[in-house]
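What follows is calculated from the coordinates using simple rules that are stated; it is not laboratory data. In this text the structure is predicted, and so the values were computed from the model without any measurement. Note that we place each Cβ from the backbone using ideal geometry, even for glycine, and neighbour counts take in every protein chain shown.
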Amino acid sequence: MQYILSLLFVLLPLLSLSAQNLTRAQAEQEAQAITTQWIADTKSKYQQAWENKHLILNGKIMPFWYTTYGTKPADGYSLFISLHGGGNAPAQINDSQWENQKRLYQPQNSVYLAPRAPYDDWDMWFKPTLDSFYVALIQMCVAYLDVNPDKVYLIGYSAGGDGVWRMAPRMADTWAGASMMAGHPGDVSLLNLRNTPFMVWCGALDAAYNRNRECTQRGVELDSLHKADSNGYIHETHIVAEKSHWMDLEDAAALPWLQQYQRNPYPTHIVWQQAEVTHPHFYWLTAPDDQLQRGKTVRLTLKGNTVNISQCDYTQLTLHFNDQMVDLDKPITIRMNGKTCFKGKLPRTVENMKNSLEQRGDIRYLFPAQVTVQL
């Protein structure tokens, strides 16, 4: 009995801290401690992969190579994930394309990382298993190289450009920006790029698979999206005159252009449409796992402490908050097409912070407060 009482004496303060409503200062202190522990755990989790430069997930192997250029800024390195070309070809061809990609660009004050696709196939960079590879690469670079998670950029050439077309919208809440070089967009939706600056580069003579025409049309589509939403869909389209599939590195201008921008992990205007591979999370939103389906869409805005949802194709939605987004010492109001779904104060808890970081694997998506609303 005495042992049980002693154990309770130790555990009760910890349990109460986990459940109690923290002040803003307490939440910031706890968030720092949780982040420090996450970095240590990430290093331990990926130690062998990092040392061997071989990432193994779901039975697939992704070798990777990286280097750094310039000096580390005070807020951490940028990270460029650079996807090689090739595709449905013998492994030796894709290996040579990987070697070429390593030397292709030199972004300043950055980590430049070139992975080798775990597949030798036309869709080598956007198969359903690839999402977890990109997440793991970023996590390792944040933990080991002090990369700023708000300065992560995706670029790719040819088949790598195909991957950028797909993965930039599919994981739009991950990237600070993306640039597609000489790839084909297929049937991808660009709606999720509302808060993700995007560049299109294609040779005017690159007629294979109608790349030049398809890229031109997608540039016009982005023009239209930006015209209808002047604060979103930042982009540039470059159809390079007299160039075919190889653009003689004119596309290298994309790198400094991208570095103008950092990710805002808490945008006040969100457009979220599920892609062919569905995700339960997007920025500070979570949808029910059992309702995820390609094409389902959410549109909302945040102003002050009020969220206005204009479209939601789910019966419920979880919204996560921190003190950078709203004043958590005051009530939060959530409306769906003018009707109030929730109004009240939300507690800051350690449990919310730990759960959100575990679910997202991104230190910027560590949220002390959340609420699920029925729609």
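Centre-to-centre, using Cα atoms only, region 200-268 and region 299-321 are separated by 30 Å. When only alpha carbons are used to place a centre, region 34-62 and region 74-111 end up 20 Å from one another. Fully extending the segment from Arg24 to Asp75, taken as 0.36 nm per residue of separation minus the present Cα-Cα distance, adds 16.1 nm. Considering only Ile363, Ile81, Ile332, the mean-square fluctuation computed in a Gaussian network model of the chain, springs between alpha carbons under 10 angstrom, is largest for Ile332. Isolated cysteines in the chain, defined as those with no second cysteine Cβ under 4.7 Å, comprise Cys141, Cys312, Cys341.
For region 242-375, averaging the sequence separation of C-alpha pairs within contact (under 8 Å, six or more residues apart) and dividing by the residue count gives a relative contact order of 20 percent. Between Thr216 and Lys296, the C-beta separation translates, for a Förster distance of 30 Å, into a calculated FRET efficiency of about 0.55. Multiplying the residue separation of Lys227 and Gln32 by 0.36 nm and subtracting their alpha-carbon distance yields 66.2 nm. What the phi angles of region 299-308 give under the Karplus curve with 6.51, -1.76 and 1.60, with θ = phi - 60°, is a coupling list of 10, 7, 9, 10, 9, x, 9, 10, 9, 10 Hz, glycine and proline written as x. The order of the peptides 187-200, 315-328 by mean Cβ neighbours within 10 Å, most packed first, is 187-200, 315-328. Take every Cα pair under 8 Å whose residues are at least 6 apart in sequence, average their separation, divide by the length of the chain, and the relative contact order is 14 percent. Between Gln316 and Glu242, the FRET efficiency from the beta-carbon distance, with R0 = 45 Å, is close to 0.25. Scoring 45-55, 279-289 by mean Cβ neighbours within 10 Å over their residues and listing the highest first yields 279-289, 45-55.
When the Cα positions of Gln311, Ser158, Thr68 are compared along the charge dipole of the chain, Gln311 comes out farthest toward the positive end, with charges on each C-beta of Lys, Arg, Asp and Glu. Please list, in order, the residues from region 205-223 whose amide nitrogen is less than 18 Å from a point placed 7 Å along the Cα→Cβ vector of Glu276. In region 205-223, the label zone of Glu276 (backbone N under 18 Å from the point 7 Å along Cα→Cβ) covers 209-211, 214-215, 218.
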